[in-house]
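The values are calculated or read from the model by the stated rules, or taken from the named source; none is laboratory data. Remember, predicted model here, so these are calculated numbers, not experimental data. Reconstructed Cβ throughout: ideal geometry from the backbone, glycine too, with neighbour counts over all protein chains shown. Surface areas here come from the heavy atoms of the whole protein model, side chains and all, with no ligands, DNA or RNA. Shrake-Rupley method; radii C 1.70, N 1.55, O 1.52, S 1.80 Å.
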Amino acid sequence: HDILDLLQEFPFQFSAQDLVEVLRNFPPRLYSISSSQDAVGEEVHITVATVRYTHKGRSRGGACSTYLADRIDVDSEISIFIEKNPAFKLPEKLETSVILIGAGTGVAPFRSFLQHREANNLKGKTWLFFGERRFHSDFLYQLEWQKLLKDGFLEKIDVAFSRDQEQKMYVQHRLFEKQQEVFQWLNKGAHIYLCGDMKQMARDVQETLLRIFEAQGGMTNEKALEYMKTLKKEKRFQLDVY
C-alpha cells in the first residue's frame, strides 16, 4: 500500500502542508556492493532487482529500484552512504575454504569476493550456492561464474531455480543434498557466508544447516544450535541479510 491508498480509504480534510508534516522520511535502501575496488577501480557496482507489481488496479513499483531503473540518466548524481559490515569479508588466511550462499540479488557480495580473488590471482577452495526463479531469465552473472570456474577462482557452484520444475527447489535443498561434503568442509575450517532475505531465505538456510549438523555430526538439536553459535562467535559464519 502507498499514501494514495491511505487517502482513498480514510478521506480527511487537511491541507497539503498538513499531509507533508505527518509523512515520515523515506528510509534508506541498502544494497550490498557487488564489485571489488581491485577489479573496477573507483567504480562501485550494486545488484538491483526492479520491483514492479499491480495492486488495486494500479501499477506500483519499488521506491528506490524504479527510481534507479526509470528516473535517472547516465551521469546523474544521487545521494548514497556506506553502512559498514566489517566482519563480512574474506578470511585473512587465503587458504581458508569458503562456502557462499546467496539467493537472487543476495549473490552481490560474493561477486565482489570473487572479483577480489581474481584481480589478485588468489585461488582457494570456494563453493557458491545460488538460487533464483528461472534459469533462462534469472541466472545472475552466469557467464562470470563460468569463467571463474574455468580459471580456478571458483571451485564449485550449485544452483537452484525454484520455478523450473513442478516441485520448487531452493538453495537450502541443494545444501542438504550436499550435506556430507558441506560438513566436511566445515570440519576442515571452512567459513560460511549467507546473504539474502532475512524473513524466509536466511531462516530456512540456517534451519537446514542445523539439520546438517544433527545428521552429519550426530548432534542433538541443542548441540547443533550451540555449534552454530560457536561458528558465529568465531566469525566463521557471517550474515548479510535484509
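Can you tell me how many residues in the stretch 90-100 are more than 16 Å from the chain's Cα centre (by Cα), closer than 16 Å to GLY152 by Cα and surrounded by 14 or more Cβ atoms within 10 Å (Cβ to Cβ)?
Residues flagged as more than 16 Å from the chain's Cα centre (by Cα), closer than 16 Å to GLY152 by Cα and surrounded by 14 or more Cβ atoms within 10 Å (Cβ to Cβ) within the stretch 90-100 amount to 2.
Select, from ALA103, ALA87, the only residue that is farther than 20 Å from ALA160 by Cβ and within 19 Å of the chain's Cα centre (by Cα).
The match here is ALA87.
List pairs: first residue in the stretch 3-18 and closer than 23 Å to ARG60 by Cα, second residue part of a loop (DSSP other than H, G, I, E, B) anywhere in the structure, Cβ distance under 8 angstrom, at least six positions apart or on different chains.
Pairs found: ILE3/LEU23; ASP5/LYS56.
Can you tell which of GLU43, GLU21 is under 17 Å from GLU144 (Cβ atoms) and either without any contact (Cβ under 8 Å) to a residue 60 or more places away in the chain or of a type in the set (Val, Ile, Thr) (or both)?
Answer to the check: GLU43.
Considering SER79, SER59, which residue is under 29 Å from PHE26 (Cα atoms), outside any strand (DSSP E or B), open to solvent by 20 Å² or more (accessible area, probe 1.4 Å) and not aromatic (Phe, Trp, Tyr)?
SER79
For the stretch 1-42, list the helices (runs of 4 or more DSSP H) that sit wholly inside it and hold at least 2 residues that are touching a Cys at 6+ places or on another chain (Cβ under 6 Å); which are they?
By residue number, no helices (runs of 4 or more DSSP H) qualify.
Working only within the stretch 124-138, note down all residues that are under 10 Å from VAL107 (Cβ atoms) and either small (Gly, Ala, Ser) or open to solvent by less than 40 Å² (accessible area, probe 1.4 Å) (or both).
Correct list: LEU128, PHE129, PHE130, GLY131.
Checking the conditions here, which among TYR31, TYR53 is open to solvent by less than 100 Å² (accessible area, probe 1.4 Å) and either in contact (Cβ under 8 Å) with a residue 12 or more places away in the chain or more than 17 Å from the chain's Cα centre (by Cα) (or both)?
TYR31
I'm trying to understand the selection: among the residues of the stretch 114-159, which are on the phi > 0 side of the Ramachandran plot and not hydroxyl-bearing (Ser, Thr, Tyr)?
Within the stretch 114-159, ASN121, GLY152 qualify.
Based on this model, can you work out whether ALA119 counts as surrounded by fewer than 16 Cβ atoms within 10 Å (Cβ to Cβ), within 16 Å of the chain's Cα centre (by Cα), aliphatic (A, V, I, L, M) and farther than 30 Å from ASP5 by Cα?
no
Here's the yes/no breakdown for (1) surrounded by 13 or more Cβ atoms within 10 Å (Cβ to Cβ); (2) over 30 Å from ARG111 (Cα atoms); (3) modelled with pLDDT of 90 or more:
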site: GLN8; (1), (2), (3): no, yes, yes
site: PHE12; (1), (2), (3): no, yes, no
site: GLU21; (1), (2), (3): no, yes, yes
site: ILE46; (1), (2), (3): yes, no, yes
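Within the stretch 62-75, restricting attention to residues that are free of Cβ contacts under 8 Å to residues at least 12 places away in the same chain and not in a helix (DSSP H, G or I), which residue is most open to solvent (accessible area, probe 1.4 Å)?
Among those that are free of Cβ contacts under 8 Å to residues at least 12 places away in the same chain and not in a helix (DSSP H, G or I), it is ARG71.
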